[in-house]
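**Student:** Take this structure, written in structure tokens, and hold onto it; I'll ask about it next.
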Amino acid sequence: MLAENEALLVSGLNEFGSSELTAPELVLKGESPGTVQACPYEAVLITRLRAGQLSAFDELVEKYQSLVYALALRILGDAEDARDATQETFLKIYRHFPHFRGEASLKTWICRIAINQARSTERWWRRRHRGETTSLDAPLGLNGKEDNYPGEYLASPIATPEAEALARERGRQIEVALTQLKKVFRITVILRDIEGLSYEEIAYVTGVSVGTVKSRIARGREMLRELVERDIGF
């Protein structure tokens, strides 16, 4: 369906590169879980992938599918579209892994393909005038399904049920606030404050300079705080 964009997606000429989702509150605080470093496990997995082991690809899908789906969902705002984009992302990873040159970590490379695939899916729908009936920038969860949210705030195991409920609601509201950011700001904030990529990794993913990345993160955090204070009252 999106074959015309395939070379663009994997070559890195994009528009703007393990993890479980971290607490959405990190976004408001401007904190980051830290940079993901290459590890021996990833090096072994890459070696197995280059050797053409199908079991290695199955392992890659299992490890990164939640990350890819979460990124796609936050860009597209629709669970079905996000699942389709996730499937397309892994097809491209499988077909083009021989082109992986190791200039970034495997996770960063996968993020790059996932984001470009989601945006390509979005453009495909817009060309077919889907936006006349469904806004791709609409907040997540408008159809009332809780599974539209890629992750929940993980409360402390000793928290009271009331505190856990408040924490989940807080996380949900922050996720909705994120959807109201312009995508260039939303993507950089997500990659930094939720996925923990470094400025350099985000520059690789988005195809802009490190200075531009820092500027977008600062502006995105500011706008997010304003949205939360105005609409949520935190």
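**Student:** Modelling each spin label as a point 7 Å along the Cα-to-Cβ direction, I'd like the residue 66/residue 184 distance in nm, to one decimal.
**Tutor:** In this crude label model, residue 66 to residue 184 measures out at 3.3 nm.
**Student:** Give, as ranges by residue number, the residues of the range 43-73 whose backbone N falls under 17 Å from the point 7 Å along Cα→Cβ of residue 95.
**Tutor:** none
**Student:** Moving to a separate point now. Output wanted: per-residue J couplings in Hz (rounded whole) for the range 115-124, from phi through Karplus 6.51 cos²θ - 1.76 cosθ + 1.60, θ = phi - 60°, x for Gly and Pro.
**Tutor:** Per-residue couplings from phi come out as 5, 5, 5, 4, 5, 5, 4, 4, 5, 4 Hz.
**Student:** Roughly what would the spin-label model give for residue 51 and residue 209, points 7 Å off Cα along C-beta, in nm?
**Tutor:** 4.4 nm
**Student:** On to the next question. Report, in listed order, any pair from 63/183; 63/92; 63/182; 183/214 with a Cα-Cα distance greater than 19 Å.
**Tutor:** Checking Cα-Cα distances, 63/183; 63/182 exceed 19 Å.
Values in this text are rule-based calculations from the coordinates and carry no lab data. Source: prediction; values computed, not measured. Don't worry about glycine lacking a Cβ; one is built from the backbone with ideal geometry, like all the others, and counts go over all protein chains shown.
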